[in-house]
Amino acid sequence: MLNPWSSEFWRLVLYVSGTWLLGLILGWPVWGLVAGLSLYIISLAKRFHRFEIWANQGVTEPEEFGGIFEDIAFRFYRIRSRSRRRKKKLTELLRRWQHSSSALPDATVVLEKGGEIVWFNRTASAMLGLRPNDNGRNIGNLIRNPRFIYYIHQPSHPEPLEMASPRDLSRMFSIRILPYGGVSGRSEQLLMLVSDVTHIRRLMTMRRDFIANVSHELRTPLTVIMGYLETLKDEPDCDVAAMKEYLERIEAPARRMKTLVEDLLMLSSLDTGAPPSPEISDIVRVMPLVKNLLTEAEQLSQGQHQFVLEVDDTIQIRGVEKELHSAFGNLLLNAVRYTPAGSTIVISWQSSGDGAKLCVRDNGPGIPPEHIPRLTERFYRVDVGRSRSSGGTGLGLAIVKQVLRRHDAELTINSELGVGSEFCCVFNFARLQRPDQRKFPGAASA
Ligand code: ADP
């Protein structure tokens with residue numbers, strides 16, 4: 001097969017020699033030559049015109065152009081098909097990237113070097129309040145925080161910036177800016193990633209406060225114990241009676257430390273242990289549990305309170321007896337400790353809606369409303385002195401809350417100053433065992 005240039009050459013030779021021979025026969029060889037060349041140019045122009053129409057059509061199979069055009073068309077077709085495939089691949093890649101970054105939990109914004117917005121995902125709209133027509137606007141005009149503006153105009157961003165959300169000052173954002181796009185190491189754009197770190201910050205603050213609180217709670221009784229030990233050391237000739245007195249004084253702070261450590265261990269195991277699922281939990285009979293707690297409460301009360309029991313013995317709980325004992329016990333002992341002599345304490349266990357609730361109600365002094373939302377925080381007390389003097393660690397209601405969370409239940413607190421308080425543990429249907437209810441397979445009976 002001839003190569004395209006040879007075929008084109010022979011085409012020219014054919015045109016020119018044909019018309020030249022005709023011209024020679026007719027006696028005008030030169031005009032024959034001119035006519036041959038003209039015909040060849042016309043054929044060239046026609047093929048070029050067809051080629052142009054075909055090339056503008058998009059990617060279709062090349063026609064039979066003949067000569068050099070056939071080869072050009074074939075190469076053109078190959079390059080075009082390849083670039084079309086690559087374009088398709090890139091578009092798909094871009095579409096997938098945009099789709100997945102739209103669903104990212106972090107706000108993602110592509111910026112020009114000067115700060116103009118090129119693209120942003122859905123989360124950026126929600127977190128930063130960006131709207132579709134903000135494309136092309138400078139981010140510094142939309143997030144008007146001076147620290148942020150200073151940060152984005154830095155030549156490099158090795159450290160993230162933490163700042164309050166522009167829409168909600170109670171939320172904390174961490175902002176990272178990375179070079180984006182560009183070739184041979186020179187990036188033309190910036191990629192801004194914004195994540196909500198409110199929860200992490202809150203946890204870190206909680207951890208710091210918790211450590212400070214534990215240290216503080218342990219230091220006070222420890223200082224007392226150390227003080228008495230120093231005194232004992234300095235008085236080697238101290239008599240037995242004095243020694244006994246010192247030891248008795250040491251006992252109270254030591255006991256307080258023991259209670260605190262026990263509560264901390266309890267909280268830690270509640271925090272880390274897997275929650276007991278209702279299907280495999282034991283059935284806990286509420287009546288005997290409450291009766292046991294009542295004995296403890298009566299001991300603490302020393303006959304100064306009146307107790308009333310309103311317990312429906314037919315409803316039982318699927319759960320961990322030790323944990324429920326601790327939760328209900330905390331509520332009952334609190335009622336004794338925080339109400340004056342002569343108060344009445346009612347313990348009820350009754351159906352409520354779909355589920356059932358255990359309530360401890362007293363007619364004590366009540367709790368000021370501003371304290372109620374914070375009562376279940378670790379170490380939160382309304383009156384620190386009162387709590388400590390009655391042996392409280394400030395962890396009781398935190399334990400109650402954790403136990404209930406593990407039993408898919410919740411704590412409700414109602415209190416009115418001068419009227420009394422009511423603490424209720426509300427259990428849902430799935431956690432209960434009623435006489436008419438069939439048992440879960442595998443559930444052990446009490
Ligand atoms: P504490 O170890 O101090 O008792 P809790 O977490 O059990 O810690 O209770 C938190 C605070 O809630 C207590 O310090 C007390 O001020 C208040 N409180 C709890 N129960 C009652 C109640 N029945 N009446 C009044 N105040 C209560």
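The values are calculated or read from the model by the stated rules, or taken from the named source; none is laboratory data. Since we're looking at a predicted model, the values are computed, not measured. No Cβ is skipped: glycine too gets one built from the backbone with ideal geometry, and neighbour counts run over all protein chains shown. Just so you know, the surface numbers come from the protein's heavy atoms only, side chains and all, with ligands and any DNA or RNA stripped out. Shrake-Rupley method; radii C 1.70, N 1.55, O 1.52, S 1.80 Å.
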Q) What number goes with the only condition from (1) assigned to a helix (DSSP H, G or I); (2) open to solvent by 70 Å² or more (accessible area, probe 1.4 Å) that residue 232 does not pass? A) (2)
**Q.** Single residue of the range 354-367 satisfying the filter (out of contact with any Gly (no Cβ under 9 Å at 6 or more places or on another chain) and either among the hydrophobic types (A, V, I, L, M, F, W, C) or open to solvent by 80 Å² or more (accessible area, probe 1.4 Å) (or both)) that is farthest from the ligand (Cβ to nearest atom)
**A.** 354
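The rows are residues; the columns are (1) within 13 Å of the ligand (Cβ to nearest atom); (2) open to solvent by less than 60 Å² (accessible area, probe 1.4 Å); (3) at pLDDT below 95; (4) assigned by TED's automatic domain parsing to the domain that holds residue 215.
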residue	(1), (2), (3), (4)
329	yes, yes, no, no
340	yes, no, no, no
346	yes, yes, no, no
402	yes, yes, no, no
405	no, no, no, no
409	no, yes, no, no
417	yes, no, no, no
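For every residue, the table says whether it meets (1) closer than 26 Å to residue 100 by Cα; (2) not in a helix (DSSP H, G or I).
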site: 117; (1), (2): yes, yes
site: 133; (1), (2): yes, no
site: 144; (1), (2): no, yes
site: 154; (1), (2): no, yes
site: 159; (1), (2): yes, yes
site: 169; (1), (2): no, yes
site: 174; (1), (2): yes, yes
site: 178; (1), (2): yes, yes
site: 190; (1), (2): yes, yes
Q.
Where the second residue is open to solvent by less than 70 Å² (accessible area, probe 1.4 Å) and not in a helix (DSSP H, G or I) and the first is within 16 Å of residue 66 (Cβ to Cβ) and assigned by TED's automatic domain parsing to the domain that holds residue 41 and lies in the range 11-22, which pairs have Cβ atoms under 8 Å and are six or more apart or on separate chains?
A. 11/66
Q | Which listed residue is more than 33 Å from the chain's Cα centre (by Cα) and closer than 18 Å to residue 409 by Cβ, from 331, 324, 309, 293 | A | 293
Q: Being basic (Lys, Arg) and open to solvent by less than 50 Å² (accessible area, probe 1.4 Å) is the filter here, so list the residues in the range 1-59 that pass it.
A: 47
Q) Which one is nearest to the ligand (Cβ to nearest atom) among residues in the range 373-391 that are assigned to a loop (DSSP other than H, G, I, E, B) and open to solvent by 50 Å² or more (accessible area, probe 1.4 Å)? A) 382
(Q) Let me confirm something: among 310, 370, which residue is more than 11 Å from the ligand (Cβ to nearest atom), part of a helix (DSSP H, G or I) and not aromatic (Phe, Trp, Tyr)? (A) 370
Q. Which one of the conditions (1) open to solvent by 20 Å² or more (accessible area, probe 1.4 Å); (2) at pLDDT below 95; (3) of a type outside the set (Lys, Arg) does residue 394 fail to meet, given that it meets all the rest?
A. (1)
Q. So which of 303, 319 is in contact with a His (Cβ under 7 Å, 6 or more places away or on another chain) and more than 16 Å from the ligand (Cβ to nearest atom)?
A. 319
Q) Does residue 249 satisfy the condition of being under 30 Å from residue 166 (Cα atoms), open to solvent by 60 Å² or more (accessible area, probe 1.4 Å), basic (Lys, Arg) and not assigned by TED's automatic domain parsing to the domain that holds residue 374? A) no
Q. What are the residues in the range 280-317 that are among the polar types (S, T, N, Q) and either more than 21 Å from residue 407 (Cβ to Cβ) or crowded, with 20+ Cβ neighbours inside 10 Å (or both), if any?
A. 281, 295, 299, 301, 302, 304, 306, 316
Q. Which number in (1) within 14 Å of the ligand (Cβ to nearest atom); (2) at pLDDT 95 or above marks the one condition that residue 324 misses?
A. (1)
